[in-house]
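Data first, discussion second: the structure below is written as structure tokens.
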Amino acid sequence: MKHRPTELFVYGTLKHDQPEHARFCRGVTGWRRARVSGRLFRLREGYLILFCPESRLLLEASPHARADEVRREALARRYAEAGREPGPQADAVASEPSVGGEVLCFADAEEAWPSLDEWEGFVPGQGGVYRRVVTPVEILDDEGRPCERRFVWVYATSRVPPGAEPVSP
């Protein structure tokens, strides 16, 4: 069966040089610095959570990793062909709050998601604090300037849980 690569934006302990990366990020083939529109909050339990406006969360993960990748690729093609992106346009995005992190590239979606979903407490089709969704992400060059826009997965929320505290940029 053919492998279907996938990408995930990470902003905390799953980054390439952080403690949980080796444990949960199986099949990573590379990473790039990136940023996403949103804000970080700290949950009562101490974990970080990324808040993104609902309008920026374009696709919710299902139990079918390969089908999700086909849907993600089609979404990216649709916006590329239309010559625009969802939500605010590029100049407005630059003024939105953003969170820095990395885009991890995985060799195969079916291999990547089980351990990551378990770590994040995400079960496709069920409610939870974290959702795995596709959102636009800016890839950064060596000087930290945006050089490419991608549509990648991220564990995020569109509703800040009660008791969560904003994290200063």
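We did not get these values from a lab; they are worked out from the coordinates using the rules stated. In this text the structure is predicted, and so the values were computed from the model without any measurement. Virtual Cβ from ideal backbone geometry, glycine too; neighbours counted across all protein chains shown.
Among 128, 30, 46, the residue with the largest mean-square fluctuation in a Gaussian network model of the chain, with springs joining Cα atoms closer than 10 Å, is 46. Annotation: peptides 63-70, 34-41, ranked by per-residue average of other Cβ atoms within 10 Å with the highest first, follow the order 34-41, 63-70. Distance between the 7 Å Cα→Cβ label points at residue 48 and residue 78: 3.0 nm. Pairs of Cα atoms under 8 Å, at least six residues apart: use those to get the relative contact order of the chain, whole percent. Computed over the chain, the figure is 39 percent. What separates the Cα centres of the stretch 22-37 and the stretch 55-77 is a distance of 18 Å.
Applying the Karplus relation 6.51 cos²θ - 1.76 cosθ + 1.60 with θ = phi - 60° to the stretch 99-115 yields 3J(HN,Hα) values of 10, x, x, 9, 9, 8, 9, 10, 5, 8, 4, 5, 7, 6, 6, x, 6 Hz, where x marks Gly and Pro. Working note: 222 nm ellipticity from helices only, DSSP H runs with n ≥ 4, each -39,500 (n - 2.57), summed and divided by the residues of the chain, gives -7000 deg cm²/dmol to the nearest 500.
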